[in-house]
Amino acid sequence: MNDRAEAVLSTRADAAPAADEAKNPLLVALGERVRNLRARRGLTRKAVAQAAEVSERHLANLEYGIGNASILVLQQVATALHCSLAELVGDVTTSSPEWLLIRELLERRGEADLRRARIALGELLGTAAGDPARHRRIALVGLRGAGKSTLGQMLADDLDVPFIELSREIEKLAGCSVREIHDLYGTNAYRRYERRALEEAIQIYGEVVIATPGGIVSDPATFNELLSHCTTVWLQAAPEEHMGRVAAQGDTRPMAASKEAMDDLRRILAGRAAFYSKADLSVDTSGQDLAQSFQALRTTVREAMSRG
C-alpha cells in the first residue's frame, strides 16, 4: 500500500468526523461522483480501494464526504476507476469556450431534449444511426440475470438469424476468459476487446441477435457504436430477480457470494439505468416466467422490425 497516500486521506480510525466537514458541499459532491463512477463501472468498493492502494475504510470516507483527500489520492482513485482526474472531480467542459457555450445551451434541458440534440449532432458530424441494416440487428442490453443469453437465443431461433454472445466473442479474440482478461491485462484492455468484438460482429452480420455484456454502457464510444448500428432492447428485471437468476446459474463469483451483494447490485443498476434507458425498446421481465418474457420480447421486436 502507498503509505504516503494512505496518510494523507486518513483521519484517526476512532475519530468521528466533524459535523461541518461531513456536510461540506464540495466533499459531498465529490463523494457522490466517486460512488456513481464506481457503480457505473460495476466495481465494488474493495476492488477500487485495492487498485487505488488505499484502505476500504478511507475510500468509504471519501465516498461519504468525510476527510480531505489530496490530489495524489484523487489521482490514484481516478486511475482505479479508469477515468481522468478532471472527470472524477468535476466538469471536463471548462477547457474550451465552445464547450462552455454548448454546455450553456444544454443546461437544464430534459432527457428528451438531450436525446434530440445528440441525434442531431450525430447527423451533423456524420455519426448518426444511418446503417440500413440497423433494424435487422437486435442487441439486448441489461444487467446479468436479465435473460439476455436465454431470451436472445430464443429470439434468434424465432427470427431465423444467427445469435452471438459478445462475451464469448471477446474471449475468442483475447484467447482467455473474461476474468483472465481483467486479471492479466486490466479493464482498459477488456474494453478494447469489447469494442473490437462489437465492430467485427457489426461488420460480419447484417441480421443477428446479440447478447451484450452488462457493462457495455460503461464505455461511451462502444455504446454509441451499438446504438448506431443495432436496434437495442433493454431487458429489465427487479434487482432481486437479477440476483436470483444469477445464483440459479451456479455463479460463485465474489459479488454473488458477498453479503453486500444486493446493495452492490442496486447501486450498479442505479448507476447504469440512465444509459440502459437510451435503448430503442424495453421489456420488463419482472414477475414473468420464461415463456411470458419471450412472448413480450418477441412481440416488441417484431413490431419494431415491421416499422423498419
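The values are calculated or read from the model by the stated rules, or taken from the named source; none is laboratory data. Only a predicted model underlies this, so the values are computations on that prediction, with no experimental measurement involved. Cβ: placed from backbone, ideal geometry, glycine included. Neighbour counts: every protein chain shown.
Tabulated results
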item: Criterion: modelled with pLDDT of 85 or more, within 25 Å of S277 (Cβ to Cβ), surrounded by fewer than 16 Cβ atoms within 10 Å (Cβ to Cβ) and not acidic (D, E) - qualifying residue of R109, R57, R35; result: R109
item: Looking only at segment 173-188, and only at residues there that are touching a helix residue (DSSP H, G or I) at 6+ places or on another chain (Cβ under 8 Å) and touching a residue at least 12 places away in the same chain (Cβ under 8 Å), the one that is surrounded by the most Cβ atoms within 10 Å (Cβ to Cβ); result: I181
item: Complete set of residues in segment 259-290 that are modelled with pLDDT of 85 or more, acidic (D, E) and surrounded by fewer than 13 Cβ atoms within 10 Å (Cβ to Cβ); result: D289
item: Test result for L155, surrounded by 14 or more Cβ atoms within 10 Å (Cβ to Cβ) and in the same structural domain as R272 (by TED's automatic domain parsing); result: yes
item: All positions within segment 189-217 that are assigned to a helix (DSSP H, G or I) and not hydrophobic (A, V, I, L, M, F, W, C); result: Y190, R191, R192, Y193, E194, R195, R196, E199, E200, Q203, G214, G215
item: Residue tally, condition surrounded by fewer than 24 Cβ atoms within 10 Å (Cβ to Cβ), of a type outside the set (G, A, S) and more than 17 Å from the chain's Cα centre (by Cα), over segment 202-218; result: 6
item: Filter result for the condition that a residue is in a loop (DSSP other than H, G, I, E, B) and not aromatic (F, W, Y), over N68, N61; result: N68
item: Selection count where residues are buried (at least 19 other Cβ atoms within 10 Å of the Cβ) and either modelled with pLDDT under 80 or in contact with a Lys or Arg (Cβ under 9 Å, 6 or more places away or on another chain) (or both), scope segment 60-72; result: 4
item: Residue selected from segment 76-100 under the condition part of a helix (DSSP H, G or I) and modelled with pLDDT of 80 or more, by the criterion surrounded by the most Cβ atoms within 10 Å (Cβ to Cβ); result: V77
item: Top-ranked residue of segment 291-308 - restricted to ones that are among the small types (G, A, S) and surrounded by fewer than 10 Cβ atoms within 10 Å (Cβ to Cβ), ranked as nearest to L155 (Cα to Cα); result: A291
item: Test for I119: is it modelled with pLDDT under 95 and over 21 Å from V246 (Cβ atoms); result: yes
item: Matching residues, segment 152-194, being of a type in the set (A, V, I, L, M), under 29 Å from R266 (Cβ atoms) and out of contact with any strand residue (DSSP E or B) (no Cβ under 7 Å at 6 or more places or on another chain); result: M154, I170, V178, I181, A189
